[in-house]
1. Output wanted: per-residue J couplings in Hz (rounded whole) for the range 114-121, from phi through Karplus 6.51 cos²θ - 1.76 cosθ + 1.60, θ = phi - 60°, x for Gly and Pro.
2. If each of D111 and K353 carries a label point 7 Å out from its Cα toward its Cβ, how far apart are those two points in nm?
3. Using a Förster distance of 22 Å, how high is the FRET efficiency between R225 and F298, based on the Cβ-Cβ distance and rounded to 0.05?
4. Quick check for you: which residues of the range 80-107 have the amide N under 14 Å from the point 7 Å beyond the Cα of Q173 toward its beta carbon?
5. Return the distance in nm (one decimal) between the two label points of a simple spin-label model at H87 and D335, each offset 7 Å from Cα along Cα→Cβ.
6. Hey, with R₀ at 41 Å, roughly what FRET efficiency would V263 and D156 work out to, going by the Cβ-Cβ distance, to 0.05?
7. Return the distance in nm (one decimal) between the two label points of a simple spin-label model at L314 and S80, each offset 7 Å from Cα along Cα→Cβ.
8. Mind listing the long-range amide H neighbours of E227? Cut-off is under 5 Å, sequence gap 5 or more, other chains count too, H placed in the peptide plane at 1.01 Å from N.
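Readers should treat all values here as calculations from the given coordinates under stated rules, not as data from a laboratory. Just so it is clear, the structure is predicted and the values come from calculations on it, not from any experiment. Note: ideal-geometry Cβ built from the backbone for every residue, glycine included; neighbour counts use all protein chains shown.
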Amino acid sequence: MTRKISAEDTAEYDFLGHIYDAVMAPQGFQLFAEKLVEVFNLKAVLMAIRHNETLDMKYLWMGGGIVPHWTENYALDYASDDILAQHLVAAPIANFYASNLDIAFPPNFPDTRFYKEWLAPQGVAFAAAAVVLQEGPWETQLYLQRSPEQPPFTPDEIAQFNTFLPHLQRAIQMRQRLSGLQLGQDILASSLNMLAMPTFLFDEYATVAHYNRSAETLLGSGYLRLENGHLQTPDDKLTRKLNLELSKSIVASRSKDEDFNHVILLPRSGKLPLMLMITPLQLQDSPRIHGAALMFAFDPEAIPAATSELIKKLFRLTNAEAELSIALCSGKTLDEFASERDRSIHTVKTQLKNIYLKTGTNRQAQLVSMLLASPAFFVASKEQDQLSPPSP
């Protein structure tokens, strides 16, 4: 006998449909988050990736009344004070826990900084959360919030939330695999490897999908490292800031109107800081790409590298003229170059005049500026080694 499908069944199937639609949707789980707010009478929904030791947090999707400004404040200043989040670290994953059902709050909780400065100003009275997936110390977490005007969470609701968690796990894993396949295409990897500047490509989960050969050198220097695909710095606070800006950039990559570029300075002992520029990768004609960002690392103390062969082709220079051009871009004087090459200063000055004629310049500063802005210094050479390891 065939079971009759009830209205409740239809609603459940519709809800699960939003979960699996997110596997291919350009906006990912955004519609699912908004549907959660609507179906379960919530104030807000947040899906994020969080490191359960350093509290580093990268937000993915938000629904309802949560404002990005408050999410940023939480990630940078209040994450360590969240008692529900602390409970998640010790509790079994793939289960929802509610603040009004599973947490024993201390009597002075209303006087805490977290409550007075973060929860109360937003009008958050109750929260439920679950660890959906765990990969090492990194956890994909889902937070649900209710206001004082909304009812507290009930055991029946928590049981209902738990029924869709396995579906959400599968959908996230399917989307991760799809994103990895799309962003890891050989043609894209080869293009990044051609860049002289260390370059990182991030997928929508803010994990590193690819980095070029120059970036591999940087990762071996000690200034940056990878942990389960997540980029880390030696400083936890700076790492939180880096990942927050990555999250913003990835969100901006999904929008045609939003323009976002950000520079983070990575301090180095006894050296000028590394400059990390984060920019959205906006592929509006490729709806299968769900969000991505690029990060370029610039070392202001690195000696520019270029091959004389490329300089020759770009500006129709001779071998000697190309070598002189590269030397000037590296900060050497005419006298130093003449001494190194065992040439007379008169010969070197004659070569420089020929370079001026061929490039349309008339001063060394103008020539160097033109050369450094040319493709010759953006294309990586096999011998290039931009960054040296930090001193112990």
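1. Result, rounded to whole Hz: 4, 6, 6, 9, 10, 5, 4, x.
2. 8.5
3. About 0.75, to the nearest 0.05.
4. Counting backbone N atoms under 14 Å from the label point, the list is 94.
5. The answer from the label model is 7.5 nm.
6. Numbers: r = 50 Å, r/R0 = 1.21.
FRET efficiency, V263 to D156: 0.25.
7. A separation of 4.7 nm, rounded to one decimal place.
8. Under 5 Å from the amide H of E227: Q232.
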